[in-house]
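Peer 1: Here it is, the structure, as structure tokens.
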Amino acid sequence: MKQRSPTLEGFRAIFRQPSFGLAEIAWRWSFGVAAGLLLTFSFLEYLDTLPVTRGELFLLRTHHPVLISQAIAHIFRGSAPRVVAASIVLTLTLAVAWIGIASLGRAATVRALLDYLRESTGLPVDRTAGSFHPPVFFRLRSLAGLNFFRVGVTLAAAVGCLGASLLAGFASPKASPSPGSAVLIFLMLVMFVGLAWSAVNWFLSLAAIFVVGGGRDTFSAVAAAVDLCRFRTGPVFAAATWFGLGHVVAFVVASSVVAFPLAFAGVLPAGVVLGGVLLVTLLYFAVVDFLYVGRLAAFVFIVEGPEEPPVPEIAAEPPSGSQALSLQPGSGVDSDELILSDTPVATD
């Protein structure tokens with residue numbers, strides 16, 4: 001039986017069923033728009049709480065950079081505690097909202113991909129789950145656990161970037177400043193933090209397949225994701241590589257296309273230029289979401305698909321000069337008789 005390519009199955013899924021990518025865009029962009037509106041309204045409300053005196057208004061109307069900076073510094077003086085409190089509340093609120101929305105969205109997406117692949121490719125039904133069918137609440141709770149760890153890893157990465165900036169500052173003291181060394185150390189530390197965050201987040205996102213398809217809990221799903229990468233390294237690496245290359249191509253194309261509206265910045269109105277940039281950005285994010293769903297479909301096919309067939313054993317050929325003994329009906333030789341030797345006996 002010819003083996004199917006998981007990468008091709010992932011691309012077929014997003015091309016034959018665009019609704020998968022549109023569903024991913026729907027829940028991701030809904031959260032993004034809601035988060036953006038919440039941050040915007042919070043920032044505007046914060047600005048309304050800042051007292052502005054007539055003297056500060058006079059300094060702002062002078063259009064002198066030094067006087068404007070002094071007025072802004074005086075306006076924002078003493079408002080740091082409110083910024084910190086508002087940031088903590090917004091972070092916790094958005095984190096809880098992301099955990100809930102991402103859990104529901106991922107459960108629906110993976111369930112739909114499982115049904116589609118089992119119907120289109122003939123995969124066995126509930127191969128990983130066996131006879132155990134956990135309730136929906138159990139799966140959502142496990143997915144919420146995975147997304148909780150994803151949020152925790154993201155916050156840890158943000159704290160790591162802050163620590164990287166502090167460590168880089170020690171490399172450039174006031175007595176002997178060295179901004180080049182500080183920037184290099186900061187970029188290296190941020191790169192290591194980003195790689196660690198990307199690896200852990202990738203395993204946590206892959207573990208969602210085992211929660212929805214196999215009914216595993218949070219920790220056993222992560223262990224199953226690690227085992228999948230250990231024992232099916234080739235297909236997993238191939239699918240991740242091809243879809244990663246597609247992501248890179250989309251980024252290069254979007255970066256090239258966005259230069260066209262920017263080139264007419266001095267000719268066209270600012271609103272038209274910003275609209276063109278926003279349109280290209282949204283198209284890029286849409287393509288990225290489609291590629292993400294395709295990669296997820298490829299991983300689902302690897303998990304649910306058949307194992308790689310064993311290498312067939314090659315039968316040893318008989319030595320040259322020997323002839324195979326064939327028993328014909330009526331030859332007078334009993335096939336159940338033990339033959340002690342096949343060496344012909346010399347007769348007179």
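Taken together, the values in this text are just the output of simple stated rules run on the coordinates, not laboratory data. Note that the coordinates shown come from a computational prediction; the quantities given were computed from them, not determined experimentally. Using ideal geometry, Cβ is built from the backbone for each residue, glycine included, and neighbour counts are taken over all protein chains shown.
Peer 1: What whole-number value in cubic angstrom gives the convex hull volume per residue for the C-alpha atoms of the range 6-304? All intermediate terms of the calculation are to be shown ahead of the outcome.
Peer 2: Working: hull volume 57.5 nm³, N = 299.
Expressed per residue, the convex hull around the Cα atoms of the range 6-304 is 192 Å³.
Peer 1: Moving to a separate point now. What is the gain in length, in nm to one decimal, between residue 91 and residue 260 on full extension, counting 0.36 nm per residue of separation less the C-alpha to C-alpha distance?
Peer 2: Taking residue 91 through residue 260 to full extension adds about 57.2 nm, to one decimal.
Peer 1: Is the range 144-266 best put as rounded, prolate or oblate by its Cα gyration tensor, with a ≥ b ≥ c the root eigenvalues, rounded for a/c under 1.5, and otherwise prolate when a/b is larger than b/c, oblate when not?
Peer 2: Details: a/c = 2.49, a/b = 1.37, b/c = 1.82.
Oblate, because a/c is 1.5 or more while a/b does not exceed b/c.
Peer 1: Let me ask something additional. Name the residues whose placed amide hydrogens come within less than 5 Å of the amide hydrogen of residue 79, ignoring near sequence neighbours (fewer than 5 apart) on the same chain.
Peer 2: Under 5 Å from the amide H of residue 79: no residue qualifies.
Peer 1: Sort 291, 184, 94 so that the residue with the fewest other Cβ atoms within 10 Å of its own Cβ comes first and the one with the most comes last. Please report the intermediate quantities before stating the final value.
Peer 2: Working: 291 22, 184 13, 94 16.
Sorted ascending by nearby Cβ count, the order is 184, 94, 291.
Peer 1: Okay, next question. Counting other Cβ atoms within 10 Å, keep those with at most 12, restrict to DSSP loop, and tell me which chymotrypsin sites (Phe, Trp or Tyr not before Pro) in the range 216-265 are left.
Peer 2: Those satisfying the criteria are 264.
Peer 1: A follow-up question, please. Just to verify a number: FRET efficiency for residue 76 and residue 3, C-beta to C-beta distance, R0 = 56 Å, to 0.05?
Peer 2: Details: r = 63 Å, r/R0 = 1.13.
Working from the Cβ atoms, E equals 0.35.
Peer 1: Also, I was wondering about something else. In nm, to one decimal, how far is the modelled label at residue 285 from the one at residue 33, with both set 7 Å along Cα→Cβ?
Peer 2: 1.1
Peer 1: Pick out, in residue order, every one of the chymotrypsin sites (Phe, Trp or Tyr not before Pro) in the range 48-125 that is DSSP loop and has at most 14 other C-beta atoms within 10 Å; say none if there are none.
Peer 2: In loop regions of the range 48-125 (DSSP not H, G, I, E or B), the sparsely surrounded chymotrypsin sites (Phe, Trp or Tyr not before Pro) are 76.
Peer 1: Now, a different point. Can you compute the FRET efficiency between residue 198 and residue 57 using 1/(1 + (r/R0)^6), with r the Cβ-Cβ distance and R0 = 51 Å? Round to the nearest 0.05.
Peer 2: Computed FRET efficiency for residue 198 and residue 57: 0.60.
Peer 1: Counting other beta carbons within 10 Å of each residue's own, what order do 16, 139, 54 fall into, fewest first?
Peer 2: 54, 16, 139
Peer 1: Could you derive backbone 3J(HN,Hα) for the range 139-147 from the dihedral phi with the Karplus parameters 6.51, -1.76 and 1.60 (θ = phi - 60°), listing whole Hz in sequence and x where the residue is Gly or Pro?
Peer 2: So the Karplus estimates, Gly and Pro as x, are 5, 5, 5, 5, 5, 4, x, 4, 5 Hz.
Peer 1: Please give the Cα centre distance for the range 162-227 versus the range 25-57, rounded to the nearest Å.
Peer 2: 29
Peer 1: Taking 0.36 nm per residue of separation and subtracting the Cα-Cα distance, what length does fully extending residue 154 through residue 40 add?
Peer 2: 38.8 nm
Peer 1: With Cβ to Cβ distances under 14 Å as the rule, what net charge do the other residues near residue 53 carry (K, R +1; D, E -1)?
Peer 2: Charge balance in the 14 Å sphere: +2.
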